[in-house]
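Worksheet: one structure, shown below.
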Amino acid sequence: MRSPALPPLLSRLQPTPVPSEQPDALASPYRAAAWFNQPEQQIPALRPDIDIVNVSQRMPMLRKFTANDAEALADVYRDSVRTIGPQAYTQEQVDAWAIYPDEIEEFRSRLSRGLTLVAEVENQIAGFGQLEPDDHVAFLYCAGRYSRKGIGAIICRALEAHALAMGTFPIHTEASRISRPFFEKHGYSERERGS
């Protein structure tokens, strides 16, 4: 699997506080992160931000990645790239980007590292995100039909809560032209590599 040239490095230096009116289990990112240690239990969405639009009267449920998810997440990845990518990239660039998960066993292995969360809406995989290592958002993708509906924000906040619980704030990511506005909206800012 070849990686494209690295996009700008964005970092989030401070965690977002969870509003106090949230249910007790979600009131602290530290308590919410405890859900990540429960492999068979679904992880609740951490907080419904003001800009999150409920997809179907129900918020997505988050759970940990399993090896059986790899093919479905490869489909989500490709769909996301092909649906949203043309807004900022040439067709040739989109085609090159979309083949990244084609080597499915390598993709499965990559998703098995760190913490990979899967978002489901009505039993359909809507998106996924990964921290690998604990201070780096390596993946954050939503299927085209779930794009810009707040699912990415929910995944991102859950990943941030985990990083905070692990003591690895600040966190960073390499943001594409498409994802950069999302990350900036959620408190990330550009910084020099190596700083």
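Computed from the coordinates by the stated procedures, all read-outs in this text should not be read as laboratory data. Predicted model, so just to flag it, every value in this text is computed and none were measured. No Cβ is skipped: glycine too gets one built from the backbone with ideal geometry, and neighbour counts run over all protein chains shown.
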Qualifying trypsin sites (Lys or Arg not before Pro) for the range 68-164 [loop in DSSP, other Cβ within 10 Å: at most 13]: Arg113, Arg148
With a Förster distance of 22 angstrom and the Cβ-Cβ distance between Glu190 and Met166, calculated FRET efficiency to the nearest 0.05 equals 0.35
At a Förster distance of 22 Å, what's the computed FRET efficiency of Ala72 paired with Glu92, Cβ-Cβ distance as r, to 0.05? 0.25
